[in-house]
1. Check Ala287, Ala275 and return the single one that is farther than 17 Å from Asp174 by Cα, part of a strand (DSSP E or B), touching a strand residue (DSSP E or B) at 6+ places or on another chain (Cβ under 8 Å) and at pLDDT 95 or above.
2. Determine which member of the set Ala274, Ala285 is small (Gly, Ala, Ser), in contact (Cβ under 8 Å) with a residue 12 or more places away in the chain and within 18 Å of Ser184 (Cα to Cα).
3. Of all the residues that make up the stretch 205-224, how many are over 15 Å from Gly187 (Cβ atoms) and either modelled with pLDDT under 95 or part of a strand (DSSP E or B) (or both)?
4. Among the candidates Gly219, Gly203, Gly263, single out the residue that is more than 11 Å from the chain's Cα centre (by Cα) and not β-branched (Val, Ile, Thr).
5. Kindly list, by first and then second residue, each pair from a residue in the stretch 225-244 that is outside any loop (DSSP other than H, G, I, E, B) and surrounded by fewer than 24 Cβ atoms within 10 Å (Cβ to Cβ) to a residue that is of a type in the set (Asp, Glu) and modelled with pLDDT of 95 or more, limited to pairs with Cβ atoms under 7 Å and residues at least 6 apart or on different chains.
6. Taking the stretch 129-147 as the region of interest, how many residues are within 30 Å of Lys110 (Cβ to Cβ) and either in contact (Cβ under 8 Å) with a residue 24 or more places away in the chain or within 21 Å of the chain's Cα centre (by Cα) (or both)?
7. Before we move on, is Met211 over 18 Å from Ser43 (Cα atoms) and in contact (Cβ under 8 Å) with a residue 12 or more places away in the chain?
8. With respect to Ala62, is the statement that it is surrounded by 24 or more Cβ atoms within 10 Å (Cβ to Cβ), within 19 Å of Tyr142 (Cα to Cα) and not acidic (Asp, Glu) true?
Amino acid sequence: MLPVVVVHGGAGHIPKERSDLSTSGVCSAVRSAYAVLQGGGSSMDAVVEAAMLLENNPSFNAGCGSVLNLKGEVEMDALVMDGKTLSSGAVSAVRNIANPVQLARLVMDKTSHACLTAEGASQFARSMGVPEVPQESLITEYSRMRWKKNLAPDANPVECQMGKMGTVGAVAVDTDGNVACATSTGGMLNKMEGRVGDTPCIGSGGYADNMSGAVSTTGHGEAIMKVTLARHILFHMEQGQSAEAASDLGLAHMKSRVGGLGGVVTVDPQGNWAARFSSRQMAWAAAQKGTLHYGLYTGEHFTQIIEDAH
């Protein structure tokens, strides 16, 4: 069953002309992450690889495709967690960084802290030699167009969140049976400056524990935080539920209790995995036993053989 990696490109509603880009983006990220695992890399190496590729793809709300806050600026959040030791690293409200997930991993590996925010995170990035990028390089025409549209006094806030897949994330199990998760986001469209969502919060944006499994979440951050969605799903797995059943139970609880929609990718230490969502769409992909799995709508599940790269 091992190794396995599963990624998501965000839950939500996306217009047809952009959905193909989302699907091809998650498929290519999962292939690269799977190659890392096949080459003997750790689950942490794999999830960071997947998340970085998605941050570098302007089709997603992370890294260079991030949505803009009320002031028209980019503020990004990211989280990584290692299931072997429960070590984690996160950053919130960071600017001028191409790959926040990489910075989150450095927080985990190089500091005694779990999360750094805003200016402090930037100072740490500089001390680690992480290059700063101009904010303009993170802003797409598409993001700017939607920001302007949503500033209009008659803008519909529900429609505002549509047309952009959300947060990106990945979970993996390596050949040693270690699990890991990574999640990265540009946050919520036209959010207040300084708003931090579920993504960098342990147990909400993601959780990884070798005793139960790993989860990365996407959806409405405020709702996800209220139910600590990632940890909630792993609680069900600890009670004996499968990755798929636990994911569905967590999402159903969030919907009934706080009216929130979202999606998750989940793995257990044996390599059983799930990609589940209550939103209209979630671009997802998985790789296991030389096969690529992917989908976008509920009930969709395509497969193809992964050609050996060697």
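1. Ala275
2. Ala285
3. Selection size over the stretch 205-224: 8.
4. Answer to the check: Gly203.
5. Partner pairs satisfying both residue conditions: Met225/Asp198.
6. Start the filter on the stretch 129-147 by keeping residues that are within 30 Å of Lys110 (Cβ to Cβ), which leaves 129-139.
Subset that is either in contact (Cβ under 8 Å) with a residue 24 or more places away in the chain or within 21 Å of the chain's Cα centre (by Cα) (or both): 130-135, 137-139.
Count: 9.
7. On the way: over 18 Å from Ser43 (Cα atoms): no; in contact (Cβ under 8 Å) with a residue 12 or more places away in the chain: yes.
No: the conditions fail for Met211.
8. yes
The values are calculated or read from the model by the stated rules, or taken from the named source; none is laboratory data. The shown structure was predicted, so the numbers you read here are calculated from the model rather than taken from an experiment. All Cβ positions, glycine included, derive from the backbone under ideal geometry; neighbour counts span all protein chains shown.
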